[in-house]
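Participant: I'd like to ask you about the structure that follows.
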Amino acid sequence: MVLFYPNKQNRIKNLSIILCCILMVGLSACGQNESVSATLSDSTTLSVYEDSKESVSTTQTPDTTSQEPDSFSQADGAGENAENAGNSTRPSSSETTKRQENASSDGASGSQNGSSWKSVNDLLQHMTLREKICQMLILSPEQLTGVSKVTAAGATTQQALQRLPVGGILYNTGNMVSKSQVRTMLSNIQSYSKIPLILTCDEEGGRVARLMKTVGTTYVGPMFQYRDQGTQVAYQNARTIAADMRALGFNVDMAPVADVWSNPQNTVIGDRAYSDSFSQGANLIPAAVRGFHSGGVGTTLKHFPGHGDTVTDSHNGAVYVSKTLEQIRREELLPFQTGIDAGSDMVMIGHLTLTQIDPNEPATFSYRIVTQLLREEMGFQGVVITDGLQMKAITNYYSSGDVAVRAVRAGVDILLCPDNPTEAVTALEKAVSSGQISQTRIDQSVRRILTMKVNLGILTF
């Protein structure tokens, strides 16, 4: 529409009105274009790759933490707090109260995701049976998501955690691309979990090093080569490994190896052990436990009650130990006992059949070994975890459901990577329903797991 006024003054007014209209239309158009541009940009950045084969796209509100594996520009800043945390010290087990009061700053609060937990018991009371059982599982990211190779945590991981809210994740070399990628992946997955996760890997040094060989953390050799250098070196090596792990977002290490390389024909343990002497091992292991704690991660003594005198590898089949209980008390158990006394957070049970102690069950399923020996005789009150349940020493003879029920009845708290996690959860649910396992027994394990998370600063209230 054109406005017309006969005199000069009105013509000026007419021109001003037209210019204002043009300016308003132009600004409106610009705003629409910016909105469209922003929408397109958000859709583009919301492509979340769990691996090179899978992508999940969404046009919802952008999640800036979910980036493609080769887009790590934000990760370096995200890792700064973790790097600083790696320099903190972790008190010994005798200072549990102080450790809880001074829990690390990156621990997730009990009020996250709208919750208002006040204590471990309060949280336990608000958990369903399925949530409790899932806390008793640590899985690989591939098991959790169904993706063949996971190098990031995005929508697929978030949805998987909603379906199966596990207690922790075990990472391997295939999950590691770069330091910034690992920081982002771990930060993301932690943010998706209602109850903060145990984030762990096998980082022993030497040939078992998931990070040193992939993302270039500080190299530490096989522990056996340092055996004659004393406790201070054992402490410092462990602290170095732990600080590097903590800087990337890990909070627990599957170390140290408390086995003693007492059989020269043993290759599965070999130079992973701290010593070939039981007394020397018993001297070095507690120093390593303290070093890992000082560097900021929890510890796992493995492989109870001792894998160092075997010839067979439990990855490949059944393993037998013929020593009597008195023999292992004098020998294999020494480094485990000193490691427990130093405050180790977890003890891993090896898939070993001790023919003179419990000839009918591997240690993983043996009440005699897990509860009577480890807990009652040796006084371990922390978390008991199985060795990997995908090993042939287990899968050749037992289903995942049978494994879960047998292990929990023996006194195990965490099932590490059961071959079929869903079957394991379902079997435990049915075992509780049928009275084969009591609700109280499940609560005992979950309370230990949550308490460990509090002690390590993973979970805070």
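Participant: Which count do you get for residues in the range 213-229 that are touching a residue at least 24 places away in the same chain (Cβ under 8 Å) and either part of a strand (DSSP E or B) or more than 19 Å from residue 338 (Cβ to Cβ) (or both)?
Facilitator: 8
Participant: Does residue 121 satisfy the condition of being surrounded by fewer than 20 Cβ atoms within 10 Å (Cβ to Cβ) and either under 25 Å from residue 430 (Cα atoms) or modelled with pLDDT of 95 or more (or both)?
Facilitator: Criteria met by residue 121.
Participant: With respect to residue 339, is the statement that it is at positive phi, surrounded by 24 or more Cβ atoms within 10 Å (Cβ to Cβ) and of a type outside the set (Asp, Glu) true?
Facilitator: In short, no.
Participant: Step by step: first the residues of the range 185-203, then only those that are among the hydrophobic types (A, V, I, L, M, F, W, C) and not in a helix (DSSP H, G or I), then the one that is nearest to residue 171 (Cα to Cα). Which residue is that?
Facilitator: 201
Participant: In this structure, does residue 318 turn out to be surrounded by fewer than 23 Cβ atoms within 10 Å (Cβ to Cβ) and modelled with pLDDT under 95?
Facilitator: It is true that residue 318 is surrounded by fewer than 23 Cβ atoms within 10 Å (Cβ to Cβ) and modelled with pLDDT under 95.
Participant: So which residues in the range 355-370 are outside any loop (DSSP other than H, G, I, E, B) and surrounded by fewer than 20 Cβ atoms within 10 Å (Cβ to Cβ), if there are any at all?
Facilitator: The answer is 367, 368.
Participant: Please count how many residues of the range 375-394 are touching a helix residue (DSSP H, G or I) at 6+ places or on another chain (Cβ under 8 Å) and either buried (at least 17 other Cβ atoms within 10 Å of the Cβ) or in a helix (DSSP H, G or I) (or both).
Facilitator: Qualifying residue count, the range 375-394: 9.
Participant: Regarding residue 267, is this residue closer than 27 Å to residue 390 by Cα, surrounded by fewer than 24 Cβ atoms within 10 Å (Cβ to Cβ) and either touching a residue at least 40 places away in the same chain (Cβ under 8 Å) or more than 25 Å from the chain's Cα centre (by Cα) (or both)?
Facilitator: Yes; evaluated as a whole, the condition is true for this residue.
Participant: Let me ask something additional. Farther than 19 Å from residue 412 by Cα, among the basic types (Lys, Arg) and in contact (Cβ under 8 Å) with a residue 40 or more places away in the chain - does that describe any residue in the range 144-163?
Facilitator: yes
Participant: Let me ask another. Out of the range 170-198, which residues are among the hydrophobic types (A, V, I, L, M, F, W, C), out of contact with any strand residue (DSSP E or B) (no Cβ under 6 Å at 6 or more places or on another chain) and buried (at least 21 other Cβ atoms within 10 Å of the Cβ)?
Facilitator: Matches in the range 170-198: 176, 182, 185, 189, 195.
Participant: Name the pairs: first residue in the range 383-411 and modelled with pLDDT of 95 or more, second residue of a type in the set (Lys, Arg) and in a strand (DSSP E or B), Cβ to Cβ under 8 Å, at least 6 apart or on different chains?
Facilitator: Close Cβ pairs satisfying both conditions: 387/302.
Participant: If you don't mind, there's one more thing I want to ask. Looking only at the range 436-461, count how many residues are of a type outside the set (Val, Ile, Thr), farther than 13 Å from residue 197 by Cα and modelled with pLDDT of 95 or more.
Facilitator: Looking only at that region, the number is 10.
Participant: While we're looking at this one, here's another question. Can you list the helices (runs of 4 or more DSSP H) lying wholly within the range 230-349 that have 2 or more residues being out of contact with any helix residue (DSSP H, G or I) (no Cβ under 7 Å at 6 or more places or on another chain) and charged (D, E, K, R)?
Facilitator: Answer list for the range 230-349: 325-330.
Participant: Identify all residues within the range 201-239 that are hydroxyl-bearing (Ser, Thr, Tyr) and over 21 Å from the mean Cα position of the chain (by Cα); write none if there are none.
Facilitator: Within the range 201-239, 219, 226, 231, 235 qualify.
Participant: Identify all residues within the range 395-424 that are closer than 17 Å to residue 319 by Cα, out of contact with any Lys or Arg (no Cβ under 9 Å at 6 or more places or on another chain) and assigned to a loop (DSSP other than H, G, I, E, B); write none if there are none.
Facilitator: The answer is 396, 397.
The values are calculated or read from the model by the stated rules, or taken from the named source; none is laboratory data. Keep in mind that what you see is a predicted model, and the values were worked out from it rather than measured. Don't worry about glycine lacking a Cβ; one is built from the backbone with ideal geometry, like all the others, and counts go over all protein chains shown.
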